[in-house]
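Taking it in order: structure first as structure tokens, then the write-up.
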Amino acid sequence: MSDKPTILVVEDNDFVRMQIVRYLIDAEYDVREAIDGSEAIESIKTDEVDLAIVDVRMEPVDGFDFIRALRGMDVQIPVILVTGDHSPDVLEKCAEWDIGAVMIKPIQKERLVTAVSRSLGMAKRKAEV
């Protein structure tokens with residue numbers, strides 16, 4: 001078992017998912033992939049995950065449905081939301097579901113790695129309290 005944090009990438013666009021996965025592997029994280037929220041829920045049940053990076057718009061189970069299910073399972077891992085949607089509604093929902101960060105597509109490598117590092121650090125500090 002690796003001592004590297006494990007990141008679950010939930011993205012239905014193959015190119016975007018592969019890009020995010022490559023960025024995370026380059027930053028030396030272990031990575032799991034899911035193509036939608038329902039696959040991600042199954043992954044959470046079987047894999048130990050330290051953080052999830054989740055797209056908003058996916059079918060049949062979108063990002064917020066996944067987060068709702070995650071919180072309903074009492075899984076308190078940090079979540080970074082990725083979206084191409086600039087709607088204020090998205091930000092309101094993020095506050096409601098305790099989303100650690102929101103990233104607008106296209107995803108930039110350095111910003112992603114920084115957001116992941118910060119989110120994992122904040123989660124670790126919360127766990128120590």
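Can you give me the ranges of the helices (runs of 4 or more DSSP H) entirely in region 1-83 with at least 2 residues that are at pLDDT 95 or above and either farther than 25 Å from residue 127 by Cβ or not charged (D, E, K, R) (or both)?
Once the helices (runs of 4 or more DSSP H) in region 1-83 are filtered for at least 2 residues that are at pLDDT 95 or above and either farther than 25 Å from residue 127 by Cβ or not charged (D, E, K, R) (or both), what remains is 14-26.
Considering each of 113, 90 in turn, give the residue that is surrounded by 14 or more Cβ atoms within 10 Å (Cβ to Cβ), touching a helix residue (DSSP H, G or I) at 6+ places or on another chain (Cβ under 8 Å) and of a type outside the set (Gly, Ala, Ser).
113
Looking at 55, 36, 30 in this structure, which one is surrounded by 14 or more Cβ atoms within 10 Å (Cβ to Cβ), within 11 Å of the chain's Cα centre (by Cα) and of a type in the set (D, E, K, R)?
55
Would it be correct to say that residue 67 is surrounded by 19 or more Cβ atoms within 10 Å (Cβ to Cβ), under 17 Å from residue 103 (Cα atoms) and in contact (Cβ under 8 Å) with a residue 60 or more places away in the chain?
Here the answer is no, as residue 67 does not meet what is asked.
Under the condition of being among the aliphatic types (A, V, I, L, M) and without any contact (Cβ under 8 Å) to a residue 12 or more places away in the chain, which residue from region 90-117 is nearest to residue 12 (Cα to Cα)?
Among residues in region 90-117 that are among the aliphatic types (A, V, I, L, M) and without any contact (Cβ under 8 Å) to a residue 12 or more places away in the chain, the one nearest to residue 12 (Cα to Cα) is 91.
The values are calculated or read from the model by the stated rules, or taken from the named source; none is laboratory data. Everything numeric in this text was worked out from a predicted model, so none of it was measured. Reconstructed Cβ throughout: ideal geometry from the backbone, glycine too, with neighbour counts over all protein chains shown.
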